[in-house]
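Just so it is clear, none of the values below were taken in a lab; they were calculated from the coordinates. The shown structure was predicted, so the numbers you read here are calculated from the model rather than taken from an experiment. All Cβ positions, glycine included, derive from the backbone under ideal geometry; neighbour counts span all protein chains shown.
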Amino acid sequence: MGKLKGMVPFLTEDEIQELVGGLARTIEREYEGRDLVLICPLKGSVLFCADLMRKINLPLIVDFVQLTSPKGESVRILKDLTINIFQKDVVIVEEIIDAGRTLSFLRDRILASHPASLKIVALLDKPARRELPIQPDYVGRTIDDRYLIGYGLDSEEIGRNYRDIYNFAQ
């Protein structure tokens, strides 16, 4: 598969799957016997969510949202939840958390629907870029400030399909 110039390997497919498996086991232990709903923000989290839900050995429901937050503009909902999450245990599935503006908006939107609980799982957490005080409850790996592509992460919509994650030197 052709890669973009300036890409340096960061996480291999095997390393990613090891992180996903560990997160799945943690979530399984916490949500045994409960009504679990995974919320997948499109487009970036779709690969992580698909892998995570297949590794969680519990009954669960998945729903998708799509938000946009162009620089300097407020967050807008392009696709909202389609299921009722009232009194359900909800986990937002994020491939990466950086500034936190969109995730903060989504968290507040979900809390307005009165779930039984709300937690956030992130494959990657980049706290150096945080603009709002939001923290994931489950983290695969905390990373420094770097630009990544692959496994759902993109550069102008290119690279989401890469099996590995690459550091992209702009």
> Modelled label-to-label distance, Arg25 and Val46, 7 Å Cα→beta-carbon offset: nm?
Replying inline: 3.0
> Given H placed 1.01 Å from N in the peptide plane, which residues other than close sequence neighbours of Leu124 have an amide H under 5 Å from its amide H?
Replying inline: Ile96, Ile97, Gly140, Arg141
>> Students often check this: by mean Cβ neighbours within 10 Å, which of 75-86, 46-57, 109-120 ranks highest, and how do the rest follow?
In response: 46-57, 109-120, 75-86
> By how many nm would the segment from Glu157 to Gln17 grow when fully extended, if each residue of separation counts as 0.36 nm and the alpha-carbon distance is taken off?
Replying inline: 48.1 nm
> For Arg109 and Lys55 in the same chain, what is the full-extension length gain: residue separation times 0.36 nm, less their Cα-Cα distance, in nm?
Replying inline: 16.7 nm
> Once both labels are modelled 7 Å past Cα along the beta-carbon direction, what's the Val8-Val75 spacing in nm?
Replying inline: 3.2
> Once the dipole of segment 40-170 is set up with Lys and Arg at +1 and Asp and Glu at -1 on Cβ about the Cα centre, which of Leu118, Gln66, Tyr147 lies farthest towards its positive end?
Replying inline: Leu118
> If you put +1 on each Lys and Arg Cβ and -1 on each Asp and Glu Cβ, how big is the dipole of the chain around its Cα centre, in Debye rounded to 20?
Replying inline: 260
